[in-house]
């Protein structure tokens, strides 16, 4: 039985909605199932009521009022369900920054961009005919280019730094760019393990190369604690300190501790 034929829905406000015929079909189907269940549970041999016997001309006095009450109750359930779905969407959106703790690929990149914006950076992914960068971000203090990498069961290696260095040179070749951007490698190593069980997120070669290339290494769970604080407590001064840490830092970045407690969340790296 096809419960989702195309004729049962229509487009309304960019959303698929059920038409009255679909609701009528659902009601008849449920009524048939309920009638069958009643028949099976009954000690006597009661025939399930056929559809034609439910016509309005055969209605009994109390049924009219009860059907109206049932319709009103169903409408209340529908409103409550829509309200529930809206709250669930808001809840999901509110937790997006937890991607900094465990994600990789585009979800991690998107969380990083949103986090940088919360730090009052102007941040966007970049793509043209010849280049593609995970994120280009800037503020009054400077301009930076970032690459993001998530690893399931290993730390971040030097290969991603090579890619980042190439991006810096490609960016500098653009006519509108007059100075090299600060390179930043965002890494989420051992992403599926609890934070307290993770090893150094960057290899030793990654640390030494970052030191010689003035590259900032950001372990994305280290970024989570400042973001957790700024979501509930907008603080331009603290955001500026976090920007300064990325702009001037070399190697793994230690973000300043939030002025106020943010909860019981633990991060894998030191704060200052």
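When you scan the range 197-207, do you find a residue that is assigned by TED's automatic domain parsing to the domain that holds residue 119 and more than 18 Å from residue 151 (Cβ to Cβ), even just one?
No, the range 197-207 has no match at all.
If I filter the range 211-220 down to residues being in contact with a strand residue (DSSP E or B) (Cβ under 7 Å, 6 or more places away or on another chain) and in a helix (DSSP H, G or I), which single residue comes out as surrounded by the most Cβ atoms within 10 Å (Cβ to Cβ)?
220
Could you please give the count of residues in the range 72-104 that are exposed (fewer than 11 other Cβ atoms within 10 Å of the Cβ) and assigned to a helix (DSSP H, G or I)?
Qualifying residue count for the region: 21.
Among 23, 32, which is closer than 18 Å to residue 82 by Cα and assigned by TED's automatic domain parsing to the domain that holds residue 71? It would help to see each step written out before you state the result.
Numbers: 32 fails: closer than 18 Å to residue 82 by Cα.
Within the list 23, 32, the selection yields 23.
If residue 124 passes every condition in (1) buried (at least 16 other Cβ atoms within 10 Å of the Cβ); (2) under 17 Å from residue 181 (Cα atoms) but one, which one does it miss?
The number of the failed condition is (1).
Which pairs do you get when a residue that is part of a helix (DSSP H, G or I), found in the range 53-66, comes within reach of a residue that is surrounded by 10 or more Cβ atoms within 10 Å (Cβ to Cβ), reach meaning Cβ atoms under 9 angstrom, with the pair 6+ apart or on two chains?
Hits for this filter: 54/28; 54/31; 56/64.
Name the residue, out of 90, 74, that is closer than 30 Å to residue 231 by Cβ and either in contact with a helix residue (DSSP H, G or I) (Cβ under 6 Å, 6 or more places away or on another chain) or modelled with pLDDT of 80 or more (or both).
On inspection, the qualifying residue turns out to be 90.
Just checking, which of 191, 117, 143 is touching a strand residue (DSSP E or B) at 6+ places or on another chain (Cβ under 6 Å), surrounded by 17 or more Cβ atoms within 10 Å (Cβ to Cβ) and either free of Cβ contacts under 8 Å to residues at least 40 places away in the same chain or more than 24 Å from residue 214 (Cβ to Cβ) (or both)?
Only one candidate passes the filter, namely 191.
Being under 26 Å from residue 107 (Cβ atoms) and at pLDDT below 95 is true for just one of 246, 168. Which residue is that?
168
Residues that are in contact (Cβ under 8 Å) with a residue 60 or more places away in the chain and not in a helix (DSSP H, G or I): does the range 200-210 have at least one?
Yes: one or more hits.
For every residue, the table says whether it meets (1) more than 18 Å from residue 251 (Cα to Cα); (2) surrounded by 21 or more Cβ atoms within 10 Å (Cβ to Cβ); (3) out of contact with any helix residue (DSSP H, G or I) (no Cβ under 8 Å at 6 or more places or on another chain).
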site: 182; (1), (2), (3): no, yes, no
site: 197; (1), (2), (3): yes, no, yes
site: 208; (1), (2), (3): no, no, yes
site: 231; (1), (2), (3): yes, no, no
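The values are calculated or read from the model by the stated rules, or taken from the named source; none is laboratory data. The shown structure was predicted, so the numbers you read here are calculated from the model rather than taken from an experiment. Neighbour counts run over all protein chains shown; Cβ positions are idealised from the backbone, glycine included.
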